[in-house]
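K.L.:
What follows is a single structure, and I will ask about it in a moment.
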Amino acid sequence: MRRKGQKAQALIEMALLTPMIFMLLVFVFDLARAAYTWAAISEAVREGSRQSIVIGTTTQPGTKDTDVLGAVQVFGVNMTLNPVAGCYHGYSSGTATPAPAAGNTGYIYLVAPTAGQPNAPQGQSAVSPAETVSAGCNAVNIAPLGTYPLKVVIAYNFQPFTPFAQQFMPGGITMVASSTMNTEF
């Protein structure tokens, strides 16, 4: 049988440990969200890359930028993924594919792995009009017939859900996933 002093000691120890146990559980929750987010943007970028290399036929045109964007958004389940208006093909100077400032959002880019190579799918010219390119952004360079690498990039700003974790990461965590595949048309 416990004495009265031991019961009080156990109560105080539990009162001191409970907040730490709770913070550990919350940290695990945010870590699981980060792992899910990374897996989701990796899958979305891979599917966008697969879509970018699809060849057209005589009855159906090849892939265009909007098709790649749509594939990425479909596979980025419950995520806010959008292109940068006028800079879908990346910036020409500085960071080519910067992440957004807003938390839990991402930017989609379709870029050339190396300078001077194509950065748009083959069907882009046949169907859609010329894309408006903002100042400081890469111009559209459509892939001709042949084998060329096309690279899809997602730059995502992950913001922890819990206020405790936000104190240690006030700007969030920038996650960048990319996938490069070769056209075969």
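No value in this document is a laboratory result; all are computed from the given coordinates. In this text, all values refer to a predicted model and were calculated from it rather than measured experimentally. Ideal geometry is used to build each Cβ from the backbone, glycine not excepted, and the neighbour counts take in all protein chains shown.
K.L.:
Picking from VAL84, VAL111, VAL26, which is most flexible by a Gaussian network model of the chain using Cα springs under 10 Å?
P.N.:
Of VAL84, VAL111, VAL26, the Gaussian network model singles out VAL26 as fluctuating most.
K.L.:
What nm value, rounded to one decimal, do you get for the distance between VAL133 and THR174 when each label is placed 7 Å out toward the C-beta?
P.N.:
Taking the simple label geometry, VAL133 and THR174 are separated by 2.3 nm.
K.L.:
Considering the chain as a Gaussian network with a 10 Å cut-off on Cα pairs, which listed residue, PRO121, PRO170, PRO149, attains the greatest mean-square fluctuation?
P.N.:
Per the Cα network of the chain with a 10 Å cutoff, PRO170 tops the list.
K.L.:
Any idea what angle helix 65-75 forms with the longest principal axis of the chain, computed on alpha-carbon atoms, 0 to 90 degrees, nearest 10?
P.N.:
Approximately 20 degrees, to the nearest ten.
K.L.:
Modelled label-to-label distance, ILE21 and THR66, 7 Å Cα→beta-carbon offset: nm?
P.N.:
In this crude spin-label approximation the distance works out to 5.6 nm.
K.L.:
Have a look at the DSSP beta bridges in the range 4-182 and tell me what percent are antiparallel, nearest 5.
P.N.:
80
K.L.:
With loop defined by DSSP as not H, G, I, E or B, and exposure as at most 10 other Cβ atoms within 10 Å, which is the longest segment of the chain clear of exposed trypsin sites (Lys or Arg not before Pro)?
P.N.:
4-185
K.L.:
Semi-axes of the equivalent ellipsoid for the range 4-182, please: Cα gyration tensor eigenvalues, times 5, square-rooted, ordered largest first, whole Å.
P.N.:
Ellipsoid half-lengths, sorted descending, are 46, 16, 11 Å.
K.L.:
Given a 10 angstrom Cα cut-off, can you work out which residue in GLN167, GLN51, GLN122 is the most mobile in a GNM of the chain?
P.N.:
GLN167
K.L.:
For the chain, take the longest principal axis of its alpha carbons; what is the angle in degrees between that and the long axis of helix 4-52, to the nearest 10 within 0 to 90?
P.N.:
10
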